[in-house]
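Chemist: Attaching a single structure in C-alpha cells format; questions to follow.
Each reported figure results from applying straightforward, stated rules to the coordinates on display, with no laboratory input. Just so it is clear, the model here is predicted, and its values are computed rather than measured. In this analysis, Cβ positions are derived from the backbone assuming ideal geometry, glycine residues included, and neighbour counts consider all displayed protein chains.
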Amino acid sequence: MNIDALPKFTPEANELWTKLNTEDKKLLLSNVWCSKCSRAATIKNFTGVVKSGDLLVVGECAECHGDVARLIESK
Ligand SMILES: [Zn+2]
C-alpha cells in the first residue's frame, strides 16, 4: 500500500500527512488504540481530516471492524 499520498484525505489533511516520514506513518497506522479490542490495532479504510489544526485519522479496526480514530498532533 502506498501510504505517502492518500486520496481519502482532505487537501489540508494531506498537507500535514506529507510532512511525516514513512516510518512514522507506518507506526501511526499500525498503532491505533481500539477500545473494543483493548489494545493497539491497525487502522483500515481510513480517512483524514484536520481538526483544530491537528490531523485526525478515522477508520476501522483491522481486527474487529469497530470505529477507531487517531489524532496526530501537529508540532
Ligand atoms: Zn478492534
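Chemist: Please arrange 42, 10, 22 by how many other C-beta atoms lie within 10 Å of their C-beta, fewest to most.
Modeler: 22, 10, 42
Chemist: Here's something else I'd like to know. Under the Kirkwood approximation for Rh and a Cα-based Rg, what ratio Rg/Rh is obtained for the stretch 11-66?
Modeler: Radius of gyration over Kirkwood radius for the stretch 11-66 works out to 0.99.
Chemist: Let me ask something else about it. Which one, 37, 56, 18, is farthest towards the positive end of the dipole of the chain when Lys and Arg carry +1 and Asp and Glu -1 on their Cβ?
Modeler: Farthest towards the positive end: 37.
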